[in-house]
Amino acid sequence: MKKYRPFMFIMAAVITLVFAACGGPDSTIDRDVLIFAIHNEPDRLDPPNQTDNTTEDIVRHIFNNLVEFDEYLNHIPGLAVSWEVSEDGLTWIFRLREGVTFHDGTPFNADAVKYTLDRMMDLEKPTRRTSLYEPFIDKVEAVDEYTISIYSEKPFGPMLAHMAHAAGAIISPTAYKKSGEDFSRNPVGTGPYKFVSWTAGDRVVLERNDDYWGTKPKIKRIEFISVPETSSRMIMLQNREAHVALNIAPHDVEMLEAHPNVQISNKPANGWYYFGFNNQKPPYNDVRFRRALNYAVDKKKLVDVLLKGYGRVSDSLLAPANWGYAPIFSYPYDPEKARELLKEAGIPEGFKVKLWSPSGRYTAVVEVSGAVAGYLRDVGLDVEYQTYEWGHYIDIISNPLEETEREMFYIAHAPSTGDADWGIRPMYHSEEWPMPGKSGNNRYFYSNPRADALIEQGMVTANQDKRKEIYEELQRILVEDAPVLMLYEINQIIAYSTGLNDLTISPLGLVFGYNAYWSEQ
Amino acid sequence: MNYILRRLLHIIPVLFGVTLLTFSMLHLIPGDPAQILAGPDASASDIMALRQQMGLDRPLAVQYVDYLKGLAQGDLGRSMSTRRPVLDELMDRFPNTLILAVAGVGVAVLLGIPIGVLAAIRARTMVDHAAMVLALLGISAPAFWLGFILMMVFSVHLGWFPSAGYRSWGHLVLPAFTLGTGAMAIVARMTRSSLLEVLNQDYVRTARAKGLHEVLVIAKHALRNALIPTTTVVGLSFGSLLGGAVLTEMVFAWPGLGRLIVYSIGIRDLPVIQGAVLLLALTFVLVNLGVDLLYGLIDPRVRRE
């Protein structure tokens, strides 16, 4: 018998080919369970200390905010039933929901809100997201059991968006005092699901909160399994070993869609993608040069071919899914005009430019960057294209002007508050330049006093209609100044099991299972 | 006994060298942990706070000495990303990697030795050639390729085993085969060649002349001697399977040490990488010591004392 053993593999493969049509794993579904296959392990299930999407996704199942986002990023009542802002815009008053308890039985009230916000604003022990609150909030006061007042020194326009940010989720003071740093492994909130367990490297298990104040979830248990390989996630989905997989690449959609166990959701997300320019380095300090680069690239083709149509050519420096977005203008593909502008700017044929991108992390980033390099060569530039590993890349595109060699670099921005302020201020305000000893997100060293003024105005205006007008003007200035090479927005593609209904899909790149249910079989 | 003690003492300078090497290498590679961890849209103050919190604002030498001090007290520091003690992070994963490596070695030994024996006793026949071609394929097949092929065949089409994840013993089968195949091929080739050598020895001829059954000749006389080089190979491959399970762990979402290391390198979680490398080095050294001691059991001539 032994001598046949080596051939068992080969036989199995042959058998497989023969039985391929009728094979397939057991596809019965436990209708009480929903399994997410996530690409990386969450880091800390502590609202103000999480910084990546997968962790935020889990956190939002466990916690609630005073104000929450709906599927279109509108602000809706969460743990606050209503709110108002004083005439001068300096005091926000939130009326809290009564009769809510945390998963550990602690009652939810104004003290819990004050505790949560005070903890975040403690500069002695800052959280990873303290800067979303500390600079704008002066003092938090529990007026009575179910009323909280937030005082600022200056009016703060995007207050509601910041309250709705995952970092602003209200935590159980009792649980936090008990666990301290370990709170992130034993999170306690008021959300639709309770934390059960976390097996390192494997999965996080949540269980339905039967006392939930909102709509009761239908599915009893949600598991988040971390599966780093895309192909493995897809196989698990086809086998029904997982039911939801996020961040599906456009070129995988066709194959997944053809499988009877899988369906696809395709919706706009709030991120956008572009090449930043070093606006201080000649000739990038010449707007004609920057515009020429924008005219030189066929964005439509990039979206249609490399993103397989799962995207949209950008017409502003903010994606439409964000509050405050205004459609401005997309530079059409016009190589003639690009050549003209280059000539005007005095750029000789064969002028050397550097184009950088990370080697992964973003959908089709290398293919797109390669294509862009090609387009730029077509208008007579000599492009040196280079890719870098992410950890190295973020370093060399974030260093100060004196130290940097960057010229054009691929990057994306998805404002986690879904608001124009966070979408624009950290990116284009001249005080946000990276400096020696101080980091900043204005990696393009863009500076325009008019833009600065509008950014500041939008921030301190409490009237939301006025803010919209301000941001429209701001976006117009930015697009005309072209501090970046505008590319596109990429859709959020999610693959999930057939028979699964009502997943909640947020443009923030998140998927929630608290309204989901399985069809009767 | 003395010998073992001396060997154990040798481990200390080895581990010290490992810490110095990993520490300096990790600080040579570009990338700022605080910047990566805070996310691309983090504010300046968030990043500064993180840097301070993680102690990255201190001089390198101070960081290293503090690390060594902690190490002497069994404290490997805290993970920058999860803020948990590194030892907890490692111990959550290490048993899983150990299980996988043991299963991989199991596959290598249980399949590799019989194949090697078969090839040796049918040397230069079709069986031999087929076995050796198979072994060559086994050495050449990369884990991410083999893993996905096994997954497609045995999970998607046949539905015999679950694809990826970590829940039941069934989840162990495909990763163990993926991991063990390379070592199996090496074991098979080693067994074949050393058995062929032994089969020409006088004492084997004597055994045959005594009229012993061929099975007994091979099993009792020839194989015992032939297995000494094989043992070395198995021991060495166990060490490399521990460290080399990375790809297999990625493909099968196996919550082991390799995956932790890859992830930690991506986010520059320095204390975790240092701790993990140290742990792997320690295991490797201990396994080698174990193999050396095992010689004595198989071959009394090697016995010390």
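The values are calculated or read from the model by the stated rules, or taken from the named source; none is laboratory data. As the structure is a prediction and not an experimental result, all values here were calculated from the model. All Cβ positions, glycine included, derive from the backbone under ideal geometry; neighbour counts span all protein chains shown. Ligands, DNA and RNA are stripped out before the accessible areas are found, and what is left, the full protein with its side chains, is counted by its heavy atoms. Shrake-Rupley method; radii C 1.70, N 1.55, O 1.52, S 1.80 Å.
Per-residue answers, yes or no, for (1) more than 10 Å from chain B (Cβ to nearest Cβ); (2) in contact with a Pro (Cβ under 8 Å, 6 or more places away or on another chain); (3) touching a residue at least 60 places away in the same chain (Cβ under 8 Å); (4) open to solvent by less than 10 Å² (accessible area, probe 1.4 Å):
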{"site": "A:ASP421", "(1), (2), (3), (4)": "yes, yes, yes, yes"}
{"site": "A:ASN441", "(1), (2), (3), (4)": "no, yes, no, yes"}
{"site": "A:ALA451", "(1), (2), (3), (4)": "yes, no, no, yes"}
{"site": "A:GLU456", "(1), (2), (3), (4)": "yes, no, no, no"}
{"site": "A:LYS468", "(1), (2), (3), (4)": "yes, no, yes, no"}
{"site": "A:LEU474", "(1), (2), (3), (4)": "yes, no, no, yes"}
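To keep it simple, each residue is scored yes or no on (1) at pLDDT 85 or above; (2) open to solvent by 60 Å² or more (accessible area, probe 1.4 Å); (3) within 11 Å of another protein chain (Cβ to nearest Cβ).
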residue: B:LEU56; (1), (2), (3): no, no, no
residue: B:TYR67; (1), (2), (3): yes, no, no
residue: B:ASP75; (1), (2), (3): yes, yes, no
residue: B:ARG84; (1), (2), (3): yes, no, yes
**OP:** Please enumerate the residues belonging to the stretch B:29-41 that are at the interface with chain A (Cβ under 7 Å from one of its Cβ atoms) and either surrounded by fewer than 18 Cβ atoms within 10 Å (Cβ to Cβ) or not in a helix (DSSP H, G or I) (or both).
**Re:** B:PRO30, B:GLY31, B:ASP32, B:GLY39, B:PRO40, B:ASP41
**OP:** Might you check whether a residue that is open to solvent by 10 Å² or more (accessible area, probe 1.4 Å), acidic (Asp, Glu) and either under 22 Å from B:PRO162 (Cβ atoms) or away from chain B (no Cβ under 14 Å) (or both) occurs anywhere in the stretch A:221-242?
**Re:** yes
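Every residue in the stretch B:129-160 that is under 23 Å from B:PRO255 (Cβ atoms) and open to solvent by 60 Å² or more (accessible area, probe 1.4 Å), please. Spell out how you get there, then give the answer.
Going through the stretch B:129-160, the residues under 23 Å from B:PRO255 (Cβ atoms) turn out to be B:142-152, B:154-156, B:160.
Of everything in the stretch B:129-160, those that are under 23 Å from B:PRO255 (Cβ atoms) and open to solvent by 60 Å² or more (accessible area, probe 1.4 Å) turn out to be B:PHE144, B:TRP145, B:ILE149, B:MET152, B:TRP160.
If I filter the stretch A:179-193 for residues that are open to solvent by less than 10 Å² (accessible area, probe 1.4 Å) and assigned to a helix (DSSP H, G or I), do I get at least one hit? Quick ask: steps written out before the conclusion?
Taking the stretch A:179-193 as the starting set, the residues that turn out to be open to solvent by less than 10 Å² (accessible area, probe 1.4 Å) are A:183-184, A:187, A:189-193.
Next, from what is left, pick out any that are assigned to a helix (DSSP H, G or I): A:183-184.
Checked the stretch A:179-193: at least one residue is open to solvent by less than 10 Å² (accessible area, probe 1.4 Å) and assigned to a helix (DSSP H, G or I).
Within the stretch B:220-227, is there a residue that is on the phi < 0 side of the Ramachandran plot and surrounded by fewer than 15 Cβ atoms within 10 Å (Cβ to Cβ)?
Narrowing the stretch B:220-227 to residues on the phi < 0 side of the Ramachandran plot: B:220-227.
Now restrict to residues that are surrounded by fewer than 15 Cβ atoms within 10 Å (Cβ to Cβ): B:220, B:224.
For the stretch B:220-227, residues on the phi < 0 side of the Ramachandran plot and surrounded by fewer than 15 Cβ atoms within 10 Å (Cβ to Cβ): present.
Give the number of residues within the stretch B:274-285 that are closer than 22 Å to B:LEU60 by Cα and either away from chain A (no Cβ under 14 Å) or open to solvent by 10 Å² or more (accessible area, probe 1.4 Å) (or both).
If we filter the stretch B:274-285 for residues that are closer than 22 Å to B:LEU60 by Cα, which is where we start, we get B:274-278.
Restricting the remaining residues to those that are either away from chain A (no Cβ under 14 Å) or open to solvent by 10 Å² or more (accessible area, probe 1.4 Å) (or both) gives B:274, B:277-278.
So the answer is 3.
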**OP:** Select from the stretch B:107-120 the residues that are surrounded by 15 or more Cβ atoms within 10 Å (Cβ to Cβ) and either without any contact (Cβ under 8 Å) to a residue 12 or more places away in the chain or more than 10 Å from chain A (Cβ to nearest Cβ) (or both) and list them in ascending order.
**Re:** B:VAL107, B:ALA108, B:VAL109, B:GLY112, B:ILE113, B:PRO114, B:GLY116, B:ALA120
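Taking the residues in the stretch A:352-369 that are among the small types (Gly, Ala, Ser) and surrounded by fewer than 16 Cβ atoms within 10 Å (Cβ to Cβ) as candidates, determine which candidate is modelled with the lowest pLDDT. Show your work before the answer.
Taking the stretch A:352-369 first, the residues among the small types (Gly, Ala, Ser) are A:357, A:359-360, A:364, A:369.
Still in the list and also surrounded by fewer than 16 Cβ atoms within 10 Å (Cβ to Cβ): A:359-360.
Numbers: A:SER359: 92, A:GLY360: 85.
Within the stretch A:352-369, the match that is modelled with the lowest pLDDT is A:GLY360.
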Subject >> Out of A:TYR393, A:TYR410, A:TYR385, sole residue that is touching a Phe, Trp or Tyr at 6+ places or on another chain (Cβ under 9 Å), open to solvent by less than 10 Å² (accessible area, probe 1.4 Å) and in a strand (DSSP E or B) >> reply: A:TYR410
Original post:
What pairs can you find where one residue is in the stretch A:248-273 and within 19 Å of A:VAL303 (Cβ to Cβ), the other is part of a loop (DSSP other than H, G, I, E, B) and among the hydroxyl-bearing types (Ser, Thr, Tyr), and their Cβ atoms are less than 7 Å apart, with a gap of 6+ or different chains?
Top reply: A:ALA249/A:THR363; A:PRO250/A:TYR310; A:PRO250/A:THR363; A:ASN266/A:TYR310; A:TRP272/A:SER314; A:TYR273/A:TYR362
**OP:** Return a yes/no flag: does the stretch A:261-277 have any residue that is surrounded by fewer than 21 Cβ atoms within 10 Å (Cβ to Cβ), in contact with a Ser or Thr (Cβ under 8 Å, 6 or more places away or on another chain), at pLDDT below 95 and not in a strand (DSSP E or B).
**Re:** yes
**OP:** Filter the stretch A:236-255 for residues that are in contact with a helix residue (DSSP H, G or I) (Cβ under 6 Å, 6 or more places away or on another chain) and not in a strand (DSSP E or B) and give the result.
**Re:** A:ALA242
Original post:
What pairs come up if the first residue lies in the stretch B:244-256 and is outside any helix (DSSP H, G or I), the second is open to solvent by less than 10 Å² (accessible area, probe 1.4 Å) and among the β-branched types (Val, Ile, Thr), and their beta carbons are under 6 Å apart, counting only those six or more places apart or on different chains?
Top reply: B:ALA245/B:THR97; B:ALA253/A:VAL227; B:GLY256/B:THR97
**OP:** Among what's in the stretch B:162-181 and is facing another protein chain (nearest Cβ under 7 Å) and either among the hydroxyl-bearing types (Ser, Thr, Tyr) or part of a helix (DSSP H, G or I) (or both), pick the residue that is farthest from the chain's Cα centre (by Cα).
**Re:** B:SER163
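Could we say that B:GLY159 is touching a Phe, Trp or Tyr at 6+ places or on another chain (Cβ under 8 Å) and either within 14 Å of chain A (Cβ to nearest Cβ) or among the hydrophobic types (A, V, I, L, M, F, W, C) (or both) here?
On the way: touching a Phe, Trp or Tyr at 6+ places or on another chain (Cβ under 8 Å): no; either within 14 Å of chain A (Cβ to nearest Cβ) or among the hydrophobic types (A, V, I, L, M, F, W, C) (or both): yes.
No; evaluated as a whole, the condition is false for this residue.
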Original post:
Which one of these is among the hydrophobic types (A, V, I, L, M, F, W, C) and assigned to a loop (DSSP other than H, G, I, E, B): B:ALA130, B:ALA123, B:ALA135?
Top reply: B:ALA123
Original post:
In the set A:VAL313, A:VAL297, which member is out of contact with any His (no Cβ under 6 Å at 6 or more places or on another chain), surrounded by fewer than 22 Cβ atoms within 10 Å (Cβ to Cβ) and β-branched (Val, Ile, Thr)?
Top reply: A:VAL313
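Residues checked against (1) more than 30 Å from A:LYS343 (Cα to Cα); (2) of a type in the set (Val, Ile, Thr):
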residue: A:GLY360; (1), (2): yes, no
residue: A:SER369; (1), (2): no, no
residue: A:VAL372; (1), (2): no, yes
residue: A:VAL379; (1), (2): no, yes
residue: A:GLU384; (1), (2): no, no
residue: A:TYR388; (1), (2): yes, no
residue: A:MET408; (1), (2): no, no
residue: A:HIS413; (1), (2): yes, no
residue: A:SER416; (1), (2): yes, no
**OP:** Inspect the stretch A:155-177 for any residue being within 30 Å of B:GLY256 (Cβ to Cβ), free of Cβ contacts under 8 Å to residues at least 40 places away in the same chain and open to solvent by 10 Å² or more (accessible area, probe 1.4 Å) and give the result as yes or no.
**Re:** no
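For the stretch B:44-53, which positions are out of contact with any Lys or Arg (no Cβ under 7 Å at 6 or more places or on another chain) and crowded, with 20+ Cβ neighbours inside 10 Å? Give the derivation first.
First, the residues of the stretch B:44-53 that are out of contact with any Lys or Arg (no Cβ under 7 Å at 6 or more places or on another chain): B:45, B:47-49, B:51-53.
Listed by number, the residues that qualify are B:ILE47, B:ALA49.
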